[in-house]
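Read through the structure below, which is laid out as structure tokens, and then see the notes.
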Amino acid sequence: MIRRQFGHIRKRPSGRWQASYYDDLGRRHSCGTFHQKGDADAALASISVSLRRGSWIDPQDAKRLFGDVADLWLASNPSKRPTTYSMDEYCLRVNLLPALGTRRIGSVTPGDIQGLVAKLVRQGLYPRTVRRTYGVARAIFTYAYDNSWIARSPCRGVKLPSIESTRRTTVEPDEVATLADAMDADYRPMVYVGAILGLRWCEVAGLRVGRLNLLKRTISVEESVTRDRYGHPVLGPPKSYAGRRTIALPPALADMLAAHLDRLGLSGADTDAFVFPAPGGGPLRYSNWRRRVWAPARQRAGLPKVGFHDLRRAAATALVLEGVDMKTAQTRLGHADARMTLGLYAQASTAADIAASDRLGARFLGSGVTRDGAKYLSAAVGPLR
């Protein structure tokens, strides 16, 4: 045994050199064995530097199983929404634990993660599902890194499947009216609340009578219906802090909601009652409502591809087309960032596209140009030769 300032090196009977050291808790750790004494000395020097810098990783921590770390990560965020918890748990149970559950976190390499992604793609999972699963794995390894259990996360340089952008359905005002007429009377105002106020379905389903002020024509969004980890509907806060908002109602919609409450036998005294209750009372369950109410109505209206969230996009688009300032539009929709209002929800309508075309044509070609091809060319570039 050769004593040193840090660690110990000894020559084994095999002729190899073994390096070891003790941590602050008095636990002995081996750095492995080496052919050359200089290699053993370099290994100890590297560990000594890591200890001084505070970047030292306990080798025992790197031996933690991925499944155990995943359980700790899943329980580490008390503010996680139940629906998010449920989705994370599903990705873990179905896609990650079968592949990595018994692996030591320190042994997982970027190649292992890339191989898992490729396997999920071959299994036919949608690109969004693959990316969601990868996001859960990355969060778990980041959690391990933040706790100094691993030196680096293996989720780096991983190539993910691309997501093809899908064209969203643009719902026009006449289609909103047709859809509303096809809805059951108990839920007909939900269509206009979604299209005019831009509320999310979970916010509409969580709306209580006490949040309506029909005299001042305002509505306060304070709750939303979500699901617990078992899929049961529960009440919770809006999606974000910006989701808590009070917005104005147009007179016609206020009158419609007043008639709706009167038909249900509700008054201002029933503050805790739901404006749109489930048939048996209590909050609506989205899967049941979509299957029993929404899907039959949109089939009757001839709009099979329209989802409730398309009404929210229609509201955002209408706010932009009507010239409402972006801050007001952002507030009414409950967005934390105005860029989301423009980039994700506001869509150009056909009428607005035609109007833009006519304005640009008038600017560059003159207002007297007709839509006739020959006259157009004559007025624009002169006679053809």
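Every number here is computed from the coordinates shown, using simple stated rules; none is lab data. Predicted model, so just to flag it, every value in this text is computed and none were measured. In this analysis, Cβ positions are derived from the backbone assuming ideal geometry, glycine residues included, and neighbour counts consider all displayed protein chains.
Using θ = phi - 60° and the Karplus relation 6.51 cos²θ - 1.76 cosθ + 1.60, list the HN-Hα couplings for segment 223-228 in order, rounded to whole Hz, with x at every Gly or Pro.
Per residue, the Karplus-derived 3J(HN,Hα) values read 9, 8, 8, 10, 10, 7 Hz.
Between Arg339, Arg211, Arg200, where does the largest GNM mean-square fluctuation fall for the chain, given springs only between Cα atoms within less than 10 Å?
In the Gaussian network model the winner is Arg339.
Quote to one decimal, in nm, the extra length available between His29 and Ala295 on full extension: 0.36 nm per residue of separation minus the C-alpha distance between them.
Gain on extension, His29 to Ala295, equals 89.4 nm.
Match the structure shown to one of the listed values (1) 22.4; (2) 33.2; (3) 18.8 of mean projected area of the Cα convex hull in nm², computed from it, and give that label.
(2)
With a/c under 1.5 counting as rounded, go ahead and sort segment 177-309 into rounded, prolate or oblate using the C-alpha gyration tensor (a ≥ b ≥ c being the square roots of the eigenvalues; past the cut-off, prolate if a/b is larger than b/c, else oblate).
Rounded, since a/c falls under 1.5.
Could you tell me the relative contact order of the chain? Use alpha-carbon pairs under 8 Å, at least six residues apart, and round to a whole percent.
It comes to 12 percent, rounded to a whole number.
Counting only the backbone N, which residues of segment 242-261 are under 18 Å from the spot 7 Å out from the Cα of Arg81 toward its beta-carbon?
242-246
Label segment 54-114 by shape, choosing from rounded, prolate and oblate, from the square roots a ≥ b ≥ c of the eigenvalues of the Cα gyration tensor; if a/c is under 1.5 it is rounded, and otherwise prolate applies when a/b is larger than b/c, oblate when it is not.
Verdict is oblate for segment 54-114.
Expressed in nm to one decimal, what extension gain is obtained for the pair Leu360 and Thr102 from 0.36 nm per residue of sequence separation less their Cα-Cα distance?
86.5 nm
Take the residue pairs Lys216/Lys327; Lys119/Lys305; Lys239/Lys305 and return only those whose Cα atoms are more than 28 Å apart.
Exceeds cut-off: Lys119/Lys305.
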